[in-house]
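Enquirer: The structure follows.
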Amino acid sequence: MRDCFTWHRPHPVTLVWLSAAFFATAGNMALWKSLWSIVEIHGFRSALFIGSLPLLLFCLFNLLLTPVGMLPLLRKPLLALLLIVSSAASYFMLHYGVLIDRSMVQNVLETNQAEMASYFSLPLVLSVLLLGVLPSCILLLMRTGNHGRPLRSSLVWLANVLATMMVLVTIALGFYKDYSSLLRNNRYLREQVLPLNIVRHTYGHLGSSHRARLQPLRTLADDAVRAQGPRPRLVILVVGETARSRNFQLNGYDRPTNPMLSRKDNVISFQSVSSCGTATAISLPCMFSSMPRTRFDAERAASQENVLDILRKTGVDVVWRDNNNGGCKGVCARVPTDYMGQLKVDSLCTNDDGTCLDEILLHGLSSRIEAMQGDGLVVLHPLGSHGPTYFQRYPADARVFSPTCDSNQIQKCSNEALVNTYDNTLVYTDRMLGSAIDLLQSYSDDRDVALIYVSDHGESLGEHGLYLHGTPYLIAPQEQTRVPMIMWFSAQFVSHAGLDPACLRRDAATRVFSHDNLFHSLLGLFQVSTTEYHAGLDVFAGCRGPSAGSGPRAIACPAARGTSAPGSDGCQTATDETVEVLQFGRTLGSGIAAEHDPRERDFLGVRRKSQAGAVARLQNQPGPPQAPAG
Ligand SMILES: [Zn+2]
């Protein structure tokens, strides 16, 4: 009787078919949005090609989920987990233009409660309920049976695989060229296929992290020696957060986002600086490592000393002060660290999510500095302009621009309100930097003092339909990769370090820099000699000593060559990826006006040429003239 009852239950392969059908349709809406904008119907063949897309996706998911379906006890929980996680990812992909790559998975896995809370919203909950929990419940409640003996059940699985492969081969025979062209010209599509992107990159990240943990710490620059200046040097380095270059008044932005820094003497703002990554988890380890962006290996960086370790080895007193709820991403692992949020200073820690305003980084800093012996480096890691809750990043008296977007549903705010809110975060960052300079000046009688500020990555505020950051670097828009870098030196610092301020200003205005410069510039600033140091990447090397103004420069790229992302030599080169970002932006349903975005002009130039089949040749040719930042 029991056997008779189970005989009428569907075979477990049905669970796989239902899951595959869901992921081939409603479970992959961001992918379908992209495909819909890319593939055009012009005739019977293209209509057939479009018709084959859901079938191809179903077959792929069917094959890939079959091993999961063959696990008797785990198939339902695993399929439900994939559905629920994918539904949350689908929400961010659709509403913020997010792509799921390795760094995005890393961001999610390393996030904390406060950051997660900042994304929490009713639409997100509804999306997860409708596209994740509901289909999961249906799967979990389905009763399946194995239809008799194990051999017979195995034959069903085998037949499923063979039939699916036959369909796939048929589609490949009919449309191989179409699929090949589609994927070659739109490589970002791979990062849109749920849940494959999640599974692949989670596996990759966890494996890499595990391997890094097993590796012993690799020391670096054991030959490093530091020369002593006539007076102790004190440098405050502010790294991050989420500030983009084009919204800085000092870089030509037409709004007063730098009211304090613009009034101070000796402030130098570097107009063209590229980040190493588009997310903190990549940029932070990269900018402190000896590896340039093009050769950056996160696994290696995690098990290797960075520039802070080298400075400490040579006797520099290094302190890391953190107010970023994402932490220091391992960079401060061997450095004395103050977690400022734990202080719970009443006047600065009033946010519901437990975060504090960045001025807390200066709280008690004087006593830290006074305890320093000799040369000192204080690294401040602010929360800066981290979204989507920009309105929580500044106090009421820094609300210079209004109306503001006082919500985490930033995609629903007007562009005016969103930009106002973001710009207010920059005004507050400007105030914090100005206060840090004031503090440094109070020590200038007996120390040579300096401040360096550089953001870890930029931010998209709806341009190209993108929000936030974390877009894969090769197709990331300039808003996410162009960052502010600002420096201030006391007169005595300039004098004792032999720096030529006019030379620095000239370089800051005309040359292209990147996070690759930070490692070597810090070594240069503290007069550290080591084989790891390369003067060609030291921002100050060409503006120091008697050779100032005529010596070697850090990454000297002709302005006419710049387009999107630094190449192996640090200069920027037009590639087919620059064409792809245009396509990606187009699939998101919007585009920023070319006259407001110099890079868009560059891309349009590249794209026109690519349409003539000249992309390959472009890779070896100078790009169109680079417009000034801002
Ligand atoms: Zn960041």
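We did not get these values from a lab; they are worked out from the coordinates using the rules stated. The model shown is predicted, which means the values in this text are computed figures rather than measured ones. Here the Cβ is made from the backbone with ideal geometry for all residues, glycine too, and neighbour counts use every protein chain on show.
Enquirer: So, R0 is 60 Å and r is the distance between the beta-carbons of L217 and R45; what FRET efficiency does that work out to, to 0.05?
Expert: Working from the Cβ atoms, E equals 0.55.
Enquirer: For D338, which sequence-distant residues (separation of 5 or more, or a different chain) have an amide H within less than 5 Å of its own amide H, given hydrogens modelled in the peptide plane?
Expert: Amide H neighbours of D338: W320, R321, D322.
Enquirer: Sort 254-260, 11-17 for me by packing, meaning the mean count of neighbouring Cβ atoms within 10 Å per residue, highest on top.
Expert: Going from most to least packed, we get 11-17, 254-260.
Enquirer: Give me the one-decimal nm value for the distance between modelled label points at K264 and A502, 7 Å along each residue's Cα-to-Cβ direction.
Expert: 2.4
Enquirer: If the cut-off is 17 Å between C-alpha atoms, which aspartates and glutamates fall inside it for K264, apart from same-chain ones fewer than 8 positions away?
Expert: K264 reaches D430, D438.
Enquirer: Another question about this same structure. Just in region 338-397: which trypsin sites (Lys or Arg not before Pro) are loop by DSSP and have at most 13 other Cβ atoms within 10 Å?
Expert: K344
Enquirer: If you don't mind, there's one more thing I want to ask. Could you list which residues have their amide H under 5 Å from that of S272, counting only those 5 or more apart in sequence or on another chain, with H placed in the peptide plane?
Expert: Amide H neighbours of S272, under 5 Å, 5+ apart: F513.
Enquirer: Please work out the C-alpha center-to-center distance from region 252-306 to region 36-61 and express it in whole Å.
Expert: Spelled out, the Cα-based centre of one part sits 42 Å from the other.
Enquirer: Okay, moving on. What does a probe at A227 reach in region 530-545, counting residues whose amide N is under 14 Å from the point 7 Å along Cα→Cβ?
Expert: What the label zone holds, given the 14 Å backbone N cut-off, is 530, 535, 541-545.
Enquirer: Can I ask one more? Per residue of region 285-298, what does 6.51 cos²θ - 1.76 cosθ + 1.60 with θ = phi - 60° give for ³J(HN,Hα)? Whole Hz please, x for Gly and Pro, Karplus curve as stated.
Expert: x, 5, 5, 8, 8, 7, 7, x, 3, 5, 10, 5, 10, 4
Enquirer: Per residue of region 476-487, in order, report the coupling 6.51 cos²θ - 1.76 cosθ + 1.60 (Karplus, θ = phi - 60°) as ³J(HN,Hα) in whole Hz, putting x for Gly and Pro.
Expert: 6, x, 4, 4, 8, 10, 9, 10, x, 9, 10, 10
Enquirer: Quote to one decimal, in nm, the extra length available between H210 and L81 on full extension: 0.36 nm per residue of separation minus the C-alpha distance between them.
Expert: Contour length minus the Cα-Cα distance gives 44.2 nm.
Enquirer: Starting from 0.36 nm per residue, how many nanometres of slack lie between S444 and L63 once their C-alpha separation is accounted for?
Expert: 130.4 nm
Enquirer: Apply the Karplus parameterisation 6.51 cos²θ - 1.76 cosθ + 1.60, with θ equal to phi minus 60°, to every residue of region 307-312 and state each ³J(HN,Hα) to the nearest whole Hz, in sequence, with x for glycine and proline.
Expert: Residue by residue, region 307-312 yields 5, 5, 5, 5, 4, 4 Hz.
Enquirer: Which is farthest toward the positive dipole end of region 1-115 among C59, N112, L94, measuring Cα position about the Cα centre, with Cβ charges +1 (Lys, Arg) and -1 (Asp, Glu)?
Expert: The residue sitting most towards the positive pole is C59.
Enquirer: Now for a separate question. Can you figure out the FRET efficiency of S121 with S529, using R₀ = 60 Å and their beta-carbon distance, to the nearest 0.05?
Expert: That pair, S121 with S529, gives E of 0.70.
Enquirer: Right, next: Rounded, prolate or oblate, given the Cα gyration tensor of region 292-367, with a/c below 1.5 counting as rounded?
Expert: In terms of gyration-tensor shape, oblate.
Enquirer: Residues with amide H under 5 Å of D317's amide H, sequence separation 5 or more or different chain, H placed in the peptide plane at 1.01 Å from N; which?
Expert: So D317 has HN proximity to D375, G376, L377.
Enquirer: OK, next. Given a cut-off of under 8 Å on Cα pairs at least six residues apart, what relative contact order in percent is computed for region 232-493?
Expert: It comes to 35 percent, rounded to a whole number.
Enquirer: Which FRET efficiency value, to the nearest 0.05, is calculated for L74 and D353 with the Förster distance at 45 angstrom and r the Cβ-Cβ distance?
Expert: Here the calculated transfer efficiency is 0.80.
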